[in-house]
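These notes are about the structure you will find just below.
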Amino acid sequence: MEYFDFRSDTVTQPTPAMRAAMAQAPLGDDVFGDDPTVNALQSRLAQQLGFEAALFMPTGTQSNLCAVLGHCQRGDEYIVGQQAHCYRWEGGGAAVLGSVQPQPLNHAPDGSLPLADIQAAIKPDDAHFARTRLLALENTLGGKLLPQTYLDEACALAQVHGLARHLDGARLFNAAVAQAAQTGGGVWDEARRIVHGFDSVSVCFSKGLGAPVGSVLCGGREFIARAHRIRKMAGGGMRQAGVLAAAALYALDHHVERLAEDHALARLLAQGLADLPGLAVEPPQTNIVFVDLQGSWRDRSQALLQHLADQGVRATGLYRLRFVTHLDVGAEGVERVVAAVRRFFSS
């Protein structure tokens, strides 16, 4: 049976053309700084997003870790959301490896951290408190696009208080594509608008952009030099890494604009499930669809997941199921999901 994998956009496989680009990439030794493909990727993304420098990383977790430790010292803290990936889903790395304390805040319904809560969380200069040094935001967050006006206001507030600003832009280009659809602007123009107020941004290539491995951290030259040292300590220095950077370069050329197709499929999936009793479907803004089981159906969530697996559909969740659209699932996959869920509820 053919499976349609909606667990995450991290399950994507490199396309044949991407594999060819990887095989043909000129290589060097990135630890010596002379891999031409890595250098081209770093230079290109930094320039296109408006930063001085960039650094290729094996993973987004390592990229966020290097960012937080590059901005903060031992005994400092960073303000972050309760559901932010760099706080909740990355093993507590900043605290464990860098002695940097997170100050998590609850999210508003739109995914933002209320400005008043950020203001209240900034500690005074007092020996009783960790030193507040950084505001870390994420866009998209759970598939939600943070409003541009909010990003501008949050960054301005942080800057007034002398805080650095880091953006976990693992799905930055999903955000840019969604924002471009709202404004009518270009995707790269919107990407630059989104990151404009931040001192650093981490961009993932192994999610919707379809590369097998890799993230890039962008920032100022001195900051990237610090991040480079931290990457080395964390074991992130790779040798002929250009074979991986070539996939990211290919993705920048061919897979950014097509993210709109994933967003359209997510809307199609949500529409197909919206009228079922026992389900509450959150209208997707990008490529992630959340489906909440309600009432007596909540106790049957695992049975639903098993039913989907039996029907050739992989998904994740407990009482709240998550479906993520990406370049390896098309309209046929969405139709399979909708039909399988409807069969489950009708039975």
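Data for the structure
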{"item": "Ellipticity estimate at 222 nm from DSSP helix runs (n ≥ 4, -39,500 (n - 2.57)) divided over the chain, nearest 500", "result": "-13500 deg cm²/dmol"}
{"item": "C-alpha center-to-center spacing [the range 279-315, the range 205-236] in angstrom", "result": "34"}
{"item": "In Hz, Karplus ³J(HN,Hα) per residue of the range 82-97 (6.51, -1.76, 1.60; θ = phi - 60°; x = Gly, Pro)", "result": "4, 9, 5, 4, 6, 9, 8, 10, 10, x, x, x, 4, 6, 5, 9"}
{"item": "Spacing of the two label points (7 Å from each Cα toward its C-beta) at D292 and L97, in nm", "result": "3.5"}
{"item": "Unit charges on C-beta of K, R, D, E only; dipole of the chain, Debye", "result": "500"}
{"item": "Other-chain or far-sequence residues with amide H under 5 Å of L105's (modelled H)", "result": "V80, G81, Q82"}
{"item": "Calculated FRET value between D29 and D152, using beta carbons and R₀ = 41 Å, to 0.05", "result": "0.50"}
{"item": "Whole-Hz ³J(HN,Hα) from phi, Karplus 6.51 cos²θ - 1.76 cosθ + 1.60, for the range 280-292, glycine and proline x", "result": "10, 9, 7, x, x, 9, 9, 10, 10, 10, 9, 10, 9"}
{"item": "Nonlocal amide H pairs with Q240, under 5 Å, H built at 1.01 Å", "result": "D30"}
{"item": "Convex hull (Cα only) mean projected area of the range 13-253, reported in nm² to one decimal", "result": "12.5"}
{"item": "Antiparallel %, DSSP beta bridges [both residues in the chain], to 5", "result": "50"}
{"item": "Prolate/oblate/rounded label for the range 64-202 (Cα gyration tensor, a/c 1.5)", "result": "prolate"}
{"item": "Gain in span if fully extended, R239 to N106, counting 0.36 nm per residue against the direct Cα distance", "result": "43.8 nm"}
{"item": "For the range 258-346: rounded, prolate or oblate by the Cα gyration tensor [a/c cutoff 1.5]", "result": "prolate"}
{"item": "Computed FRET value (nearest 0.05) for H161 with A309, which takes r as the C-beta separation and R₀ as 56 Å", "result": "0.70"}
{"item": "Point-to-point label distance, D328-R7, nm (Cα→Cβ direction, 7 Å offset)", "result": "1.0"}
{"item": "In Hz, Karplus ³J(HN,Hα) per residue of the range 102-114 (6.51, -1.76, 1.60; θ = phi - 60°; x = Gly, Pro)", "result": "x, 10, x, 10, 6, 7, 6, x, 7, x, 6, 9, x"}
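Readers should treat all values here as calculations from the given coordinates under stated rules, not as data from a laboratory. The structure displayed is predicted, hence computed values, not measured ones. Cβ atoms come from the backbone with ideal geometry, glycine included; neighbour counts cover every protein chain shown.
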